[in-house]
1. Hey, which lysines would be in cross-link range of LYS140, C-alpha to C-alpha under 20 Å, not counting anything within fewer than 8 residues on its own chain?
2. Please work out the Cα center distance from segment 92-155 to segment 258-317, rounded to the nearest Å.
3. Given only helices, namely DSSP H runs of n ≥ 4 each adding -39500 (n - 2.57), what is the per-residue ellipticity at 222 nm of the chain, to the nearest 500 deg cm²/dmol?
4. For GLY353, which sequence-distant residues (separation of 5 or more, or a different chain) have an amide H within less than 5 Å of its own amide H, given hydrogens modelled in the peptide plane?
5. Send over the semi-axes of segment 186-233's equivalent ellipsoid, whole angstrom and largest first, taken as the square roots of 5 times the C-alpha gyration tensor eigenvalues.
6. Using the Cα centre of segment 285-380 as the reference point, and only Cβ charges (+1 on K/R, -1 on D/E), how large is the resulting charge dipole? Debye, rounded to the nearest 20.
7. Just want the answer: with Cβ charges of +1 for Lys and Arg and -1 for Asp and Glu, which residue in PHE277, ALA328, GLY293 is farthest toward the dipole's positive end in segment 230-390?
8. Can you list the HN-Hα couplings for segment 310-318, worked out from phi with the Karplus curve (6.51, -1.76, 1.60; θ = phi - 60°), rounded to whole Hz and with x for Gly and Pro?
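Throughout, read-outs are computed from the coordinates displayed, never taken from laboratory work. Keep in mind that what you see is a predicted model, and the values were worked out from it rather than measured. A quick note on method: Cβ atoms are made from the backbone with ideal geometry, for glycine too, and the neighbour counts reach across all protein chains shown.
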Amino acid sequence: MKTVLFIAYNFPPCGGPSVQRSLKFIKYLPGLGWQPIVITTNARAYPIQDPGLEKDIPPGTPIYRPASWDVNAWRPAFTKLRLGKLHAAINTLFALPDGAIFWARAARPSVRQAIAVHQPQIVYTTSGPYSAHLLGLWIKKTFGLPWVADFRDPWSQNRLIHYPPGYRAINRRMERRVLKSADHIVTVSRPIAQSLSDSMDGANTPISVIPNGYDPDDVPLLAPAETSKFTITYTGKFTRLRRPDALVEAVTSLVDSGQIPADKIELILAGSNLDAFIPSRPPFTKLGYLPHGELSALWQRSTMLLLVQDPSSENNGAYSAKLFEYLAANRPILAITSPSNVAADLIRQTQGGIVVSHDPAEIKTVLLDYYHAWQAKNVRHSPDWEIIHRFSRPELTARLADIFNQLAGG
C-alpha cells in the first residue's frame, strides 16, 4: 500500500464542519490503496470537540500530534474573559497567515520522523488554517515530495477575514508561493478554482474540483417525516455575513399575524453561536452545538431543512458543507441565498428544494405554501438521486486517489 503524508490541523476530536472533509478522505483512502499518515495538532487547540468522530479513523492510522505554542488554544480563555476581539486582533496582527503558524513550525520534527519511518509517496495539505500549506511548502522544498494542496475556502480573497491595511497583500504573496510550488491544487467549487487560477501569476499548476459530500454511513435514507408541528431545522452557525435576519422576520410575521399558529410551527437550530442571531422565544428552539452523530435523528423529525448563506456575489463559490448531507437526508431544503450561488444551482439541478433571496416577503410566501402542504400531508419531494449519489464520500475520495496515483506514477 502507498502512503500519503496527510497534513490536517482540524482532525478528531475536533468538532464542526471543518473536520469532515479530511476525516472522510482518511476513512476511505485505505480501501483505494493509500495509507494516510496524519500530522495534526493536540486537542487543546480545538474550541469545539466531538470525540464520536474518531470512530471513522481507520484502526492503526499513524497520527502525530506535535505540541506547540498555539494562538488558537487561547481562544476559550479569551472568550471566557470576554476578550474575543483581543484574541482575534492578536491572531490577525501577530500570527501570519493565521494562529496555526507556530504549530506549522513546531510540526517539522514530527514531519521528519514520519517521513523517515513511513516513506510517503505524496504530501497532502488542507486549509484552513492556511499555515498548513506553509508547512507543505517547507516539505516540498526540503524533501521534494509531490504535493497536493487542498483549499476548502478562499485564502487572500476570503471575505470572512478582516485584514488590516497591507495584510491582504502579504497573504496574497504567500498564497501565490503555495499555488506555484504545489504539484496539484484541489478545491471545493469551480468559482474558487477560478479565483485560485487567477492568483497563480502565470503558473500552470493543475487544479481539480472535488466538492464536499455526504457519507452514506452518516445519512441513512430517511422516510418522509410525520411531525406534530411544521418543523424546520438548521444545523451550523451564523456569521456577520451569513445572517438569518430575513428568516426571523418572516417567521415572526407569520406567527404574529396568525397565518401559522404558534403551536403548529417550530424552528430547531443546532449550532455554537445562536444567541446573537436568534430570539429566545417560540417558535425558535436553540439546541446549541450537537455531535455530528446526532444530526440524522434531528433531520428525521424535520419537515424541511434550512440553508442560510451570505448573499453577496463574492460568496457564489461556497456550497456549504452541510448542503450535501441535507440532500442525502431526503428532506426538502429551504435555501436562503443568492440565486447565482453554486449551492442554489445544485439544489435546482437535484430538485432538492427551493431557493429564495434574503427577502422576508418571499420567505413568507414559501413557508406558507409548505405549511399548507404539510397540513394537507402533501409535502412533495422527489430529488434526483442519480446526481446526489455523485457526492458520496467514497466516490469523491476515489477522485482524490486518482490524483495521488497520477503524481506517484500509477
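1. LYS2, LYS180
2. 36
3. Numbers: 15 runs with 150 residues, N = 410.
Value at 222 nm, helices only: -10500 deg cm²/dmol.
4. ILE333
5. Values: eigenvalues 328, 37, 6 Å².
The three semi-axes for segment 186-233 are 41, 14, 5 Å.
6. On the way: 8 positive and 8 negative charges, 90 e Å.
Around 440 debye, computed over segment 285-380.
7. GLY293
8. Karplus-based 3J(HN,Hα) across segment 310-318 equals 4, x, 6, 5, 5, 9, 5, x, 9 Hz.
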